[in-house]
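Coordinate-derived values only; no laboratory data. Owing to the predicted nature of the structure, the values given are computational and were not obtained by experimental measurement. Using ideal geometry, Cβ is built from the backbone for each residue, glycine included, and neighbour counts are taken over all protein chains shown.
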2 protein chains.
Amino acid sequence: MKEVFGSPGKKSGLILRIGQCVFAAASIAVMASASGFSTTTAFCYLIASMGLQVLWSFGLVCLDIHALRFNKDLHTNIIVSLFVVGDWVTATLSLAAACSSAGVMVLFTRDTNICRVDANLSCDMFQISIAFAFAAWFLLAISSYVMFWLVASI
Amino acid sequence: MKEVFGSPGKKSGLILRIGQCVFAAASIAVMASASGFSTTTAFCYLIASMGLQVLWSFGLVCLDIHALRFNKDLHTNIIVSLFVVGDWVTATLSLAAACSSAGVMVLFTRDTNICRVDANLSCDMFQISIAFAFAAWFLLAISSYVMFWLVASI
């Protein structure tokens, strides 16, 4: 199996996973601290999806640290196949959550004047949270492509 | 290069491409005939993104028909690499468009009562159009994976 940037059990892979975890956690923290998020289903779904991403990426961070510390090889067929399925499901859900929230946000700020009228909604916080979600998805997408490449090139 | 289901220049690939083209065109037709879609950016973006998908898939349908008719081999490195980049860009844009429209639709129907209050919006048509968009994205996603698999397994 090829050794490429971001593959499991390498430092570059660990950095990617930590980045995913940090951005997803930041997205949840900002969204949960914004007032009025719970009235919109898309924002609640964003929190749920980012929560799943935090769990998944944190698990892989632990596995990468373990592999780096004890010099284990994670490049077996079964492990990488599991990673690739999990990565793709999480990445698709994250993109779906980020895009649906972004669609609602554009409606709030451009198509209507809900953000200006309703002082109870902290629209700036929503936007920051969505930006973090897109950053988390982008890092996860890189990992997903690397994993798929590894599986396909066996 | 492996011969798998849905690869370029095969009948299964042609059927997938025709399906993408038909669903994307249906999504555009239903959305464009619904009244009040132009007030929402997400719905306009859905039309633009599905338009791109129709153009891309139609081009590949023509190429597949040409290859099947004259028995040409499309399994060269450059052609498949071009296909994989185009497929992934189009698939990501389609999913983003479908999800942002779905987010807005959930806001219209569940979180608020905009659909019941505003008789000018044809919400049923919006929903059908979004469903077609998801179907088009799903078929494109299958093609994208097949193409990526072909490139990675060279």
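For the protein assembly as shown, the list of Cys residues with no other Cys C-beta under 4.7 Å reads A:C21, A:C44, A:C62, B:C21, B:C44, B:C62.
The mean count of C-beta atoms from other chains within 10 Å of the C-beta of residues in B:144-153, rounded to a whole number, is 3. Annotation note: trypsin sites (Lys or Arg not before Pro) in segment B:52-154 located in DSSP loop regions with a Cβ neighbour count of at most 16 within 10 Å are B:K72. Note that chain B shows a convex hull volume over its alpha carbon atoms of 92 Å³ per residue. Remark: mean inter-chain Cβ contacts per residue of B:31-40 equal 1, using a 10 Å Cβ-Cβ cutoff to other protein chain atoms.
Since only B:F43, B:L95, B:M147 are under comparison, the one whose Cα sits farthest along the positive direction of the charge dipole of chain B, derived from C-beta charges on Lys, Arg, Asp and Glu, is B:M147.
Taking every alpha-carbon pair within segment B:1-82, the share separated by more than 15 Å comes to 62 percent.
Each of A:K11, B:K10 was scored by other Cβ atoms within 10 Å of its Cβ. Arranged with the fewest first, they read A:K11, B:K10. Computed from phi, the 3J(HN,Hα) profile of segment B:66-79 under the Karplus parametrisation 6.51, -1.76, 1.60 (θ = phi - 60°) reads 4, 5, 5, 6, 9, 6, 8, 9, 9, 7, 9, 4, 5, 4 Hz, with x in place of Gly and Pro. Each residue of segment B:124-130 was assigned a 3J(HN,Hα) from its phi angle through the Karplus curve 6.51 cos²θ - 1.76 cosθ + 1.60 (θ = phi - 60°); the sequence is 4, 5, 4, 5, 5, 4, 5 Hz, with glycine and proline shown as x. Hydrodynamic analysis of segment A:80-154 uses the Kirkwood radius over alpha carbon pairs. Inserted into Stokes-Einstein at 10 °C and 1.306 mPa s, it gives a translational diffusion coefficient of 114 µm²/s. The Kirkwood hydrodynamic radius of the protein assembly as shown, based on inverse pair distances between different Cα atoms, is 20.7 Å. Shielding of peptide B:107-115 by partners, expressed as the average count of other chain Cβ atoms within 10 Å per residue Cβ, is 3. Summing Lys and Arg as +1 and Asp and Glu as -1 over all other residues whose Cβ lies under 13 Å from the Cβ of A:G59 gives a net charge of -1.
Restricting segment B:4-47 to chymotrypsin sites (Phe, Trp or Tyr not before Pro) that sit in a DSSP loop and have at most 12 other Cβ atoms within 10 Å of their own Cβ leaves B:F5.
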